[in-house]
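For reference, the structure is listed below as structure tokens.
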Amino acid sequence: MRNIIDLKGSILSLTVLSLLSDQIEDTKQAIARKIDQAPDFFIGVPVVLDPQVPLMDPTFLALLVEYLRQRKMIPIGIRTEDDVMIEQAEYAGLAIFPLEKVKKHPKKAVEPKTEMAQPGLKTALLVKSSVRSGQQVVAKDRDVIIMGSINPGAEVVADGHVHVFGKVMGKVFAGASGETTAKIFAKQLAPELLCIAGLYQLSEDIDPAYQTGFVEVSLQDNKLVFNTGLLG
Amino acid sequence: MSRVIVVTSGKGGVGKTTTSASISAGLALKGFKVAVIDFDVGLRNLDLIMGCERRVVYDFVNVVQGEASLNQALIRDKRIKNLYILAASQTRDKDALTLEGVGKVIDDLKTDGFDFIICDSPAGIEKGAQLALYFADEAIVVTNPEVSSVRDSDRILGILQAKSKRAESGDEGIVEHLVLTRYNPKRVETGEMLSVEDVVDLLNIPLLGVIPESEQVLNASNSGEPVILDSESDAAQAYIDVVDRFLGEEKAHRFLTAEKKGLFKKLFGK
Ligand SMILES: Nc1ncnc2c1ncn2[C@@H]1O[C@H](COP(=O)(O)OP(=O)(O)OP(=O)(O)O)[C@@H](O)[C@H]1O
Ligand SMILES: [Mg+2]
């Protein structure tokens, strides 16, 4: 039986954090003030950074990312086309979102069987072990294959599909740069968070029926769809 | 060939020092030459558990800083031949240890023919813990059967894979072992604690042994004796098994169930 689950978010519910200052301390303080107003609201919220000023300080992004994590937010990407910032962002493990407007309502996946269009061959990033708490794996412009599990507190981000031979207990972001045909495959699912192209779902919103066997998660009509019938 | 072993956990107070003391004593009892180093600068503890706190003249920091020779600082255990302790300083702060300094001490211990160099790590995942694990060939990850301890152990395993000398040089990774301590089968059965299966399932590293929760541990440390020497106690038995398995022997795991079996039950209970 296939169920379809209601989603809480859309691509727009990726919180966008506009950065209007290039001073890290000021920025941190401003964030702290915001959080103090609604502490629970920000826990586990995926955040895309949107710098409105050039960030000249080469440690700015790294410090900001660390701070956001400390405050339990999940910085996943940055909107920029600036080469220096892109380099910083890659170093800080952030996905790059192009500046043009991200599609608000992704079209219904019309070609479910086709591969994602890729400029040139880039094989999947292969991780031979489990991803452990505190670790983050980022597969830029490609798929990632995790041969172990994604443990609680670990994070896997890919612009393409995410394949997990073990159990997903941490956070997974597929299609992190907005690729709506990206999928997540897992032998077992008990995640903290799943996200495809910005649409995310927390574990408490995932039907336990999907948490036992092999499952495919895809994005259809702005919803995460769970398919457990793939292997018959 | 010397083997450098770090005893580490992430979370504090789970039994690293207890485990370091017992494993060191157990290996020395088997005839190996063993040095056990307390990396917990500022909070020395190992010397108390080993019962040599009154004989500390020079400590690990003194050696690292070149203020004393290794021979001056190594404290010879009174009970067990071939067992030496390098105590932590109580007065210095954590920054007194440097990577080069620690590396030199470990190299010197290797040159001196120590078979095992056991590094008792401080809690946490920061500098002190990273220093203790940096030179390790093997790691004994000490975990309690509770979610926060397991999560921290998972973190430290990630750090072992990323920030050790072996990881940096691209050699074979650190060999990982799991010791699950303070295991209370009754509380596992009632669901208050994680089971050994749950823990092994998540951490996914080989299980060296399960040490039961035991009053004898406290008694032993109060009397300055590694609990493994109190050979009647469950905890000692469990540590003896751990040492045997560490040396390659195959032994079935014990102390996993709450049942107190009498001899009759043992013989006919199955
Ligand atoms: N198997 C056990 N049964 C009962 N108590 C235990 C057991 N193992 C350790 N303890 C107790 O737990 C406490 C902490 O042990 P220990 O000092 O070995 O931990 P640690 O991990 O070295 O701590 P720290 O992180 O502070 O260095 C001590 O009081 C010790 O007696
Ligand atoms: Mg200790």
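Any idea which residue in the range B:107-157 is nearest to ligand 2 (Cβ to nearest atom), counting only those that are surrounded by fewer than 22 Cβ atoms within 10 Å (Cβ to Cβ) and of a type in the set (Gly, Ala, Ser)?
Checking each candidate, the answer is B:ALA123.
Identify the residue in the range B:1-54 that is within 14 Å of chain A (Cβ to nearest Cβ) and not hydroxyl-bearing (Ser, Thr, Tyr) and, among all such residues, is farthest from ligand 1 (Cβ to nearest atom).
So in the range B:1-54, the residues within 14 Å of chain A (Cβ to nearest Cβ) come out as B:8-11.
Still in the list and also not hydroxyl-bearing (Ser, Thr, Tyr): B:10-11.
Values: B:GLY10: 9, B:LYS11: 7 Å.
Residue satisfying both the conditions and the ranking: B:GLY10.
Which pairs turn up if I take residues in the range B:139-157 that are more than 11 Å from B:VAL199 (Cα to Cα) and at the interface with chain A (Cβ under 9 Å from one of its Cβ atoms) and look for partners that are charged (D, E, K, R) and part of a strand (DSSP E or B) with beta carbon separation below 9 Å, at least 6 apart in sequence or on another chain?
B:LEU157/B:GLU176
Tell me, please, whether a residue that is on the phi > 0 side of the Ramachandran plot and touching a residue at least 12 places away in the same chain (Cβ under 8 Å) can be found in the range A:188-195.
no
How many of the residues making up the range B:158-175 are open to solvent by 40 Å² or more (accessible area, probe 1.4 Å), within 13 Å of chain A (Cβ to nearest Cβ) and in contact (Cβ under 8 Å) with a residue 24 or more places away in the chain?
Final tally of qualifying residues: 1.
Here's the yes/no breakdown for (1) farther than 16 Å from B:ASP137 by Cβ; (2) open to solvent by less than 50 Å² (accessible area, probe 1.4 Å); (3) aromatic (Phe, Trp, Tyr):
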site	(1), (2), (3)
B:VAL7	no, yes, no
B:GLY13	yes, no, no
B:THR18	yes, yes, no
B:ALA21	yes, yes, no
B:PHE32	no, no, yes
B:GLY51	yes, yes, no
B:ARG54	yes, no, no
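Consider B:SER121 carefully, then state whether it is out of contact with any Cys (no Cβ under 7 Å at 6 or more places or on another chain), within 13 Å of chain A (Cβ to nearest Cβ) and at pLDDT 95 or above.
When the stated conditions are applied, B:SER121 does not pass them.
Filter the range B:82-97 down to the residues that are open to solvent by 100 Å² or more (accessible area, probe 1.4 Å) and in contact with a helix residue (DSSP H, G or I) (Cβ under 7 Å, 6 or more places away or on another chain) and list them by number.
Let us first name the residues in the range B:82-97 that are open to solvent by 100 Å² or more (accessible area, probe 1.4 Å), namely B:90-91, B:94-95.
Result: B:LYS94, single match.
If we scan the range A:1-21, do we find a residue that is in a helix (DSSP H, G or I) and modelled with pLDDT of 85 or more?
No, the range A:1-21 contains no residue that is in a helix (DSSP H, G or I) and modelled with pLDDT of 85 or more.
Give me the helices (runs of 4 or more DSSP H) completely within the range B:1-98, filtered to those with at least 1 residues that are within 13 Å of ligand 2 (Cβ to nearest atom) and at pLDDT below 95, ordered by residue number.
B:46-49
Residues of the range B:206-228 being surrounded by fewer than 20 Cβ atoms within 10 Å (Cβ to Cβ) and among the hydrophobic types (A, V, I, L, M, F, W, C), which ones?
Residues satisfying the conditions are B:LEU207, B:LEU218.
The values are calculated or read from the model by the stated rules, or taken from the named source; none is laboratory data. Keep in mind that this is a model prediction, so the values were computed, not measured. Reconstructed Cβ throughout: ideal geometry from the backbone, glycine too, with neighbour counts over all protein chains shown. Just the protein is used for accessible areas: all its heavy atoms, side chains included, with ligands, DNA and RNA removed. Shrake-Rupley method; radii C 1.70, N 1.55, O 1.52, S 1.80 Å.
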